[in-house]
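A short write-up of the structure that comes next.
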């Protein structure tokens with residue numbers, strides 16, 4: 001199982017995801033060579049085409065950039081990235097017949113473009129939801145990465161089907177210091193901060209928009225090129241440890257059960273968690289709190305029922321855990337989120 005885990009130590013991320021930050025940094029005269037040492041930038045602050053770095057190498061650079069750029073940097077950075085910044089998958093997206101097909105192609109090969117969160121498109125009857133899920137366990141950067149990647153996806157969608165792309169609503173995690181006017185100015189729709197999961201809601205009619213130059217032959221060729229690049233970089237079939245744990249519903253399983261499901265020993269799982277800087281308890285508790293906020297915000301379930309649903313021993317244990325995580329009691333949170 002180990003060789004299929006995408007690690008924070010794997011040097012697989014190209015320069016594409018940093019293009020927005022580098023453009024902003026050049027305009028603001030940041031000391032980019034000092035800020036991004038792993039990218040090997042030249043005197044003009046531009047990286048070599050074939051550079052690849054690990055998430056661990058990128059992390060300190062991203063934290064420094066966010067410190068310099070402020071709370072709105074994720075939106076501003078994503079707004080500066082366009083199709084050419086997506087590498088080999090750009091031609092495949094351009095060759096699709098509809099925006100929906102282009103987005104599905106891009107999501108299938110998002111690791112090629114250096115995605116540091118997992119974007120997923122969830123279809124509904126009338127609208128679809130583009131969600132940002134963590135690739136690695138990193139609460140310090142997650143809000144920034146969510147905003148950056150979702151803004152990139154919308155910027156690319158506009159390039160594919162026109163600047164008039166209509167979005168119904170955007171919900172972003174955390175950062176209440178960010179300027180709502182900046183986000184709403186970019187997305188062109190209401191933006192809510194403090195959401196459980198960062199996401200963009202868009203009408204299915206928008207996703208059905210026809211693109212101007214569909215080319216089945218180019219689409220098939222681009223798919224082969226993207227598959228080859230994934231294989232060359234060693235990303236075929238790779239998932240981060242966090243993604244694997246979430247998919248296995250680690251909030252409902254013990255460590256021995258998870259190790260068994262992963263086909264490894266408990267000792268090996270603990271080593272993997274340590275290598276990736278993950279805490280099993282924190283990941284599981286974070287998932288439970290995400291579900292708890294959803295139930296409190298969107299249902300009238302009693303605290304006893306929510307506690308049972310989330311496998312707490314009783315509602316008192318749930319209330320203590322929720323207050324510790326959110327700094328509000330469940331009742332206070334529900335009252336604050338009444339519409």
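Here are the numbers:
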read-out: Number of the condition not met by residue 37 [criteria: (1) in contact with a helix residue (DSSP H, G or I) (Cβ under 9 Å, 6 or more places away or on another chain); (2) within 19 Å of residue 81 (Cα to Cα)]; value: (2)
read-out: Any hit, segment 40-48, residues being under 20 Å from residue 140 (Cβ atoms) and either assigned by TED's automatic domain parsing to the domain that holds residue 214 or assigned to a loop (DSSP other than H, G, I, E, B) (or both); value: no
read-out: Boolean, residue 255 is without any contact (Cβ under 8 Å) to a residue 60 or more places away in the chain, in the same structural domain as residue 102 (by TED's automatic domain parsing) and either surrounded by 15 or more Cβ atoms within 10 Å (Cβ to Cβ) or closer than 30 Å to residue 73 by Cβ (or both); value: no
read-out: Residue check, residue 91 modelled with pLDDT of 95 or more and surrounded by 17 or more Cβ atoms within 10 Å (Cβ to Cβ); value: no
read-out: Positions within segment 232-252 being assigned to a helix (DSSP H, G or I) and touching a residue at least 60 places away in the same chain (Cβ under 8 Å), in sequence order; value: 233, 241, 242, 243, 244, 246, 251
read-out: Residue among 200, 192, 206 that is in the same structural domain as residue 6 (by TED's automatic domain parsing) and surrounded by fewer than 17 Cβ atoms within 10 Å (Cβ to Cβ); value: 192
read-out: Among the residues listed as 270, 294, the single one being part of a helix (DSSP H, G or I), in contact (Cβ under 8 Å) with a residue 60 or more places away in the chain and farther than 27 Å from residue 110 by Cα; value: 294
read-out: Verdict on residue 59 being assigned by TED's automatic domain parsing to the domain that holds residue 86, part of a helix (DSSP H, G or I), surrounded by fewer than 17 Cβ atoms within 10 Å (Cβ to Cβ) and modelled with pLDDT of 95 or more; value: no
read-out: Matching option when the condition is in a helix (DSSP H, G or I) and closer than 17 Å to residue 72 by Cβ, among 182, 192; value: 182
read-out: Residue 151 vs. criteria without any contact (Cβ under 8 Å) to a residue 12 or more places away in the chain, out of contact with any strand residue (DSSP E or B) (no Cβ under 9 Å at 6 or more places or on another chain) and within 22 Å of residue 83 (Cα to Cα); value: no
read-out: The one condition in (1) at pLDDT 95 or above; (2) touching a strand residue (DSSP E or B) at 6+ places or on another chain (Cβ under 8 Å); (3) at positive phi that residue 40 fails to fulfil; value: (2)
read-out: In segment 258-267, the residues that are free of Cβ contacts under 8 Å to residues at least 40 places away in the same chain, closer than 21 Å to residue 135 by Cβ and either surrounded by 18 or more Cβ atoms within 10 Å (Cβ to Cβ) or touching a strand residue (DSSP E or B) at 6+ places or on another chain (Cβ under 8 Å) (or both); value: 258
read-out: Only listed residue being assigned to a loop (DSSP other than H, G, I, E, B), over 11 Å from the mean Cα position of the chain (by Cα), surrounded by fewer than 24 Cβ atoms within 10 Å (Cβ to Cβ) and in the same structural domain as residue 78 (by TED's automatic domain parsing), chosen from 164, 159; value: 164
read-out: Selected residue [part of a loop (DSSP other than H, G, I, E, B), loosely packed, with under 15 Cβ neighbours inside 10 Å and modelled with pLDDT of 90 or more] from 304, 300; value: 300
read-out: Failed criterion for residue 110 (all others in (1) in contact with a helix residue (DSSP H, G or I) (Cβ under 8 Å, 6 or more places away or on another chain); (2) touching a residue at least 24 places away in the same chain (Cβ under 8 Å); (3) part of a loop (DSSP other than H, G, I, E, B) hold); value: (2)
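The values are calculated or read from the model by the stated rules, or taken from the named source; none is laboratory data. These numbers come from a predicted model, not from an experiment. Glycine also receives a Cβ, built like all others from the backbone with ideal geometry; neighbour counts cover every protein chain displayed.
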